Amino acid sequence: MARNFYLLLSDYLLFIIVVAATTVIPLWGRFFGKKKTRTKADYVFATGAVSAVSMMLSIARGTLGVRSFLGFPSEQFYRGAGMWETLYGMVTAYPIVAFVFIPVYFNLDITSVYQYIELRFNSRLVRCLASGTYIFRSILNLGVTVFTPTVALYTIIGIPIWMSLLAITIISILFNLLGGLKQAITADVIQVVVTIVVSVAIIIQSTIIAGGVTDVLKENYDSGRLNFFNFTGSMKTRVDTTSAWLGQLFMSLSLFGCQQNFVQRYLSMKSIKQVTRMLMLNIPVIIFLFSLSWIVGMCIYSVYSDCDPLKFGYTKSADAILPFYIQDKYSFIPGLIGIFLSTLFNSALILNVSNLNSLATVTWEDFLSQLPQFKGMPDKKQLKIIKFVGSIYGLMIMGVGFLVQLLSGVIESAQLMTSATSGPLLGVFLLAILVPFANWKGASVGMIMSHLIILSITFGHLQTDKSVQFLNTSITGCTNDTFSSDIQQPAVSMLISLSHTNPIFVDNFMENATKLPFIHTAESTSAPFKDLLNEIFSISYMYYSFIGTCITVVIGSIVSLLTMSKADAYDSKYIHPFVFKLAKIFPGHSYLFSDGHQLTDSLKKNSSNVIVEHDNLAFDIKNEESKDSSLRSLNKIHVISGDHSQVPEGEKYRKLEYV
């Protein structure tokens, strides 16, 4: 941009002020509030008053991420509303999570959701596989997240990509060291409010320029950008109504029901009823926030319907359409561009902070705390290690951010990475919750096979010809006065000039990346399999989560049936109550029981010949990994075998026979 010095200075100042305010306000209590000793529970579970509204906005914020603000308008402008229909999958996922996942592990007193996997399968291996999958996926997705705003920052005010990535990383690490989940939730709420205000301002102003709401709708409809309910019947179509709903449903179930940063928020609430109410109320919130960015895209298209900046050579990336619009239409207002850019920057920053908390917690609980040298470590030292681990993850995510520019587009990158890693994780949780005969052997084999197959398909997909198919745009209305006089036409690609990346190096990198020893490409395979591999590699990445989940569940169930033994018995509270009732109807292996280590004190005295089954919604567990030392009251005990006289007086019970 060719802006005068004072306007540019105002943008820089407002950018710094808003970023600083968003960072400092959530941490205000740490500096000026009442001093108190920080505990691991404060960091992990946001001990203290966190309102349901704040939690709801935080979860919505984590669902959408920065891609919604920058990527969705671009998707609407150049490819239409196909991805908008992924909203169906998100909305469908909320009640499933509320009534299937939450009742099983809400009262387990766990710090990491993957502790549940170990409790259910009595296997460290399966727990580590699930935790590792979450960590791998989060690092990849956060790499996209932190990279997303850097293009806009460079395009508009010239901040180099490396500097933006470094700034996001440093602030994220400092926030992680000083704050915890409660501070991250506060920052989420601030960012949601700012995003809504900026989006609404863009919608109002662009609608006025376009001539009104009717003209906005007409321009988008006539150009084929509002093509909803598109059932193609082909799994090769990048996105249609079926793949948008089905693919996003499985991705959302994996995110909302199996991912630490979401479950960590559920477990910080007081009751299952409160969690359920919050998730149900979140449906209209997510519909509004999700649709807001798509409406922004509609409005921007109506403004540029006869002069596409990308086609006319004023931008070099489809993802730059929203930043370009801001610099084109708002450059005359001092500081406004700086506020917009701070919104993008903060979106990536806060999401990164929130996930560093969860990544560090999972790494400690599922890996480090199990090592002999860390056993029995005081709470204060545990907290220090967790924060140090979070800082390491911050640096790793920055490294991934530098590599993301080799991929094609924010939405494409985010959806591909999420879909490719969602299936195995969701599959193992479905095995645990809904398949009563599943054991650790089936779960581990199912996850490993699913990972290998989906990663093979993903690498094969990356090397196939996937030329970007944009909807038609026009430059018939372009003149020398179409865009603001402050805008200059770029001479070279901002990504290539900024990163100093040799295009030949990029080509070689992608070529070598797809020639890994375990990847058999269609070109390197004998003729009989070539067509089959081409068909498989051509499947839309939107289906990867669905395929990965099915592979995990099917293989896991088959292996479990073939390897069942009494050693696989587990407490019935680790499966869904309804599934337990169904399981009792069918004859087969007696895999449901409660062991003597989890009985109340009055039962433990002579519990060697007593096997009981606890009610799923009223547990009485106290184990090594409990986040507090309190025992919850036991509402009901079902005696399966043994001496009934050992049941405490006044307890309700009923006799069950082994099947």
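The values are calculated or read from the model by the stated rules, or taken from the named source; none is laboratory data. The structure displayed is predicted, hence computed values, not measured ones. Cβ sites come from the backbone with ideal geometry, for glycine too, and all protein chains shown count toward neighbours. Surface accessibility is based on the protein's heavy atoms, side chains included, excluding ligands, DNA and RNA. Shrake-Rupley method; radii C 1.70, N 1.55, O 1.52, S 1.80 Å.
Values as computed for the structure displayed
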{"item": "Contacts under 9 angstrom Cβ, first residue in segment 425-445 being in a loop (DSSP other than H, G, I, E, B), partner open to solvent by less than 10 Å² (accessible area, probe 1.4 Å) and basic (Lys, Arg), 6 or more apart", "result": "438/120"}
{"item": "Residues of segment 357-405 satisfying the condition of being aliphatic (A, V, I, L, M), open to solvent by 50 Å² or more (accessible area, probe 1.4 Å) and in a loop (DSSP other than H, G, I, E, B)", "result": "371"}
{"item": "Unique match (being modelled with pLDDT of 80 or more, crowded, with 16+ Cβ neighbours inside 10 Å, over 30 Å from residue 81 (Cβ atoms) and among the polar types (S, T, N, Q)) among 499, 456", "result": "456"}
{"item": "Considering residues of segment 511-566 that are aromatic (Phe, Trp, Tyr) and open to solvent by 30 Å² or more (accessible area, probe 1.4 Å) only, the residue modelled with the highest pLDDT", "result": "546"}
{"item": "Among residues of segment 316-328, those that are buried (at least 21 other Cβ atoms within 10 Å of the Cβ) and either assigned to a loop (DSSP other than H, G, I, E, B) or among the polar types (S, T, N, Q) (or both), counted", "result": "1"}
{"item": "Matching residues in segment 378-393 - criterion: being touching a Lys or Arg at 6+ places or on another chain (Cβ under 9 Å) and among the charged types (D, E, K, R)", "result": "379, 380"}
{"item": "Candidates 606, 616 - the one that is surrounded by 19 or more Cβ atoms within 10 Å (Cβ to Cβ) and either assigned to a loop (DSSP other than H, G, I, E, B) or at pLDDT 75 or above (or both)", "result": "616"}
{"item": "Search result, residues across segment 287-304 that are buried (at least 23 other Cβ atoms within 10 Å of the Cβ) and within 20 Å of the chain's Cα centre (by Cα)", "result": "293"}
{"item": "Scope segment 205-228; condition assigned to a helix (DSSP H, G or I) and touching a helix residue (DSSP H, G or I) at 6+ places or on another chain (Cβ under 9 Å); matching residues", "result": "205, 206, 207, 209, 210, 213, 215, 216, 217, 218, 219, 220"}
{"item": "Segment 120-139: number of residues that are under 16 Å from residue 575 (Cβ atoms) and open to solvent by less than 40 Å² (accessible area, probe 1.4 Å)", "result": "4"}
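Residue by residue, here is whether (1) open to solvent by less than 10 Å² (accessible area, probe 1.4 Å); (2) at pLDDT below 95; (3) in contact with a Lys or Arg (Cβ under 7 Å, 6 or more places away or on another chain) holds:
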{"position": "78", "(1), (2), (3)": "yes, yes, no"}
{"position": "81", "(1), (2), (3)": "yes, yes, yes"}
{"position": "96", "(1), (2), (3)": "no, no, no"}
{"position": "102", "(1), (2), (3)": "yes, yes, no"}
{"position": "105", "(1), (2), (3)": "yes, yes, no"}
{"position": "108", "(1), (2), (3)": "yes, yes, no"}
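Conditions (1) closer than 30 Å to residue 360 by Cα; (2) modelled with pLDDT under 65; (3) over 32 Å from the mean Cα position of the chain (by Cα), marked per residue:
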| residue | (1), (2), (3) |
| --- | --- |
| 2 | no, yes, yes |
| 9 | no, no, yes |
| 14 | no, no, no |
| 20 | yes, no, no |
| 24 | yes, no, no |
| 27 | yes, no, no |
| 36 | yes, yes, yes |
| 39 | yes, yes, no |
